[in-house]
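Asks: Let me begin by handing over the structure; questions about it come next.
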Amino acid sequence: MSTASAEKTMYEQIGGQPAVEAAVDLFYRKVLTDDRVSRFFDDVDMDRQSAKQKAFLTMVFGGPANYTGLDMRRGHLHLIARGMDDSHVDAVIELLGETLAELGVPAELIGKVAAVAESVRDDVLDRPAGSAKGTRPGSSNTAAEKQGGCGSGSCGCGKN
């Protein structure tokens, strides 16, 4: 690998904004037809969700940081209340990998994307960092803490 490509962000390696937009659009088509996870999106404004996901992925892949949504714990609490667990996170990571493969993203880069997704699993499932797969979602008690805000303002609560 050349030095120039080693210095590129994942965002650049994937193909920048056009690639992120295509990936999110295809990803959500897959999600909405997948029996394992589609129910979590029954009452979701998908245009808004897609825009948030595009901004989030752009940011985590090293592109312009325009994401203004909730942190991963607070942003998924309502899904944990509806039964989201490790099997659903597995399905989402699988669908994201399939999406990227269909778009011609190299396997090595898909692996890096999967590693990023794995790195937030415990946050998405609101459990202590380093939890074993199968640990009960919601065990960090973020829902109880949410009533008083996060204390840092990072969740958008405004309480510093």
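The values are calculated or read from the model by the stated rules, or taken from the named source; none is laboratory data. The structure presented is a predicted model; accordingly, all values stated were derived computationally and were not measured. Cβ coordinates were reconstructed from backbone atoms using ideal geometry, including for glycine residues, and neighbour counts include every protein chain displayed.
Asks: Which one is surrounded by the most Cβ atoms within 10 Å (Cβ to Cβ) among residues in segment 68-81 that are out of contact with any helix residue (DSSP H, G or I) (no Cβ under 6 Å at 6 or more places or on another chain) and part of a loop (DSSP other than H, G, I, E, B)?
Replies: Across segment 68-81, the extreme among qualifying residues is Leu70.
Asks: A further question on this structure: Please work out if Thr58 is buried (at least 17 other Cβ atoms within 10 Å of the Cβ), within 23 Å of Gly104 (Cα to Cα) and of a type in the set (S, T, N, Q).
Replies: So Thr58 passes the test.
Asks: Kindly list the number of the only condition in (1) in a helix (DSSP H, G or I); (2) crowded, with 16+ Cβ neighbours inside 10 Å; (3) at pLDDT 95 or above that fails for Met84.
Replies: All conditions pass for Met84, except number (1).
Asks: Let me ask another. Looking at Val44, is it within 19 Å of Arg121 (Cα to Cα) and of a type outside the set (Phe, Trp, Tyr)?
Replies: No, not satisfied.
Asks: Quickly run through segment 4-60 and pick out the residues that are within 20 Å of Glu94 (Cβ to Cβ), among the polar types (S, T, N, Q) and in a helix (DSSP H, G or I).
Replies: If the condition is that a residue be within 20 Å of Glu94 (Cβ to Cβ), among the polar types (S, T, N, Q) and in a helix (DSSP H, G or I), then Ser38, Gln49, Ser50, Gln53 are the ones that fit.
Asks: Let me ask something else. Only residues that are buried (at least 21 other Cβ atoms within 10 Å of the Cβ) and under 13 Å from the mean Cα position of the chain (by Cα): list them for segment 93-107, please.
Replies: Leu96
Asks: Within segment 66-90, track down each residue that is aliphatic (A, V, I, L, M) and more than 12 Å from the chain's Cα centre (by Cα).
Replies: Leu77, Leu79, Ile80, Ala81, Met84 - these are the residues of segment 66-90 that are aliphatic (A, V, I, L, M) and more than 12 Å from the chain's Cα centre (by Cα).
Asks: Within segment 85-101, track down each residue that is touching a residue at least 24 places away in the same chain (Cβ under 8 Å) and within 19 Å of Tyr11 (Cβ to Cβ).
Replies: Result: Ile93, Leu96, Thr99, Leu100.
Asks: Quick one: Pro128 ticks every box in (1) part of a loop (DSSP other than H, G, I, E, B); (2) buried (at least 16 other Cβ atoms within 10 Å of the Cβ); (3) modelled with pLDDT under 95 bar one, so which box is it?
Replies: In the conditions (1) part of a loop (DSSP other than H, G, I, E, B); (2) buried (at least 16 other Cβ atoms within 10 Å of the Cβ); (3) modelled with pLDDT under 95, Pro128 misses (2) alone.
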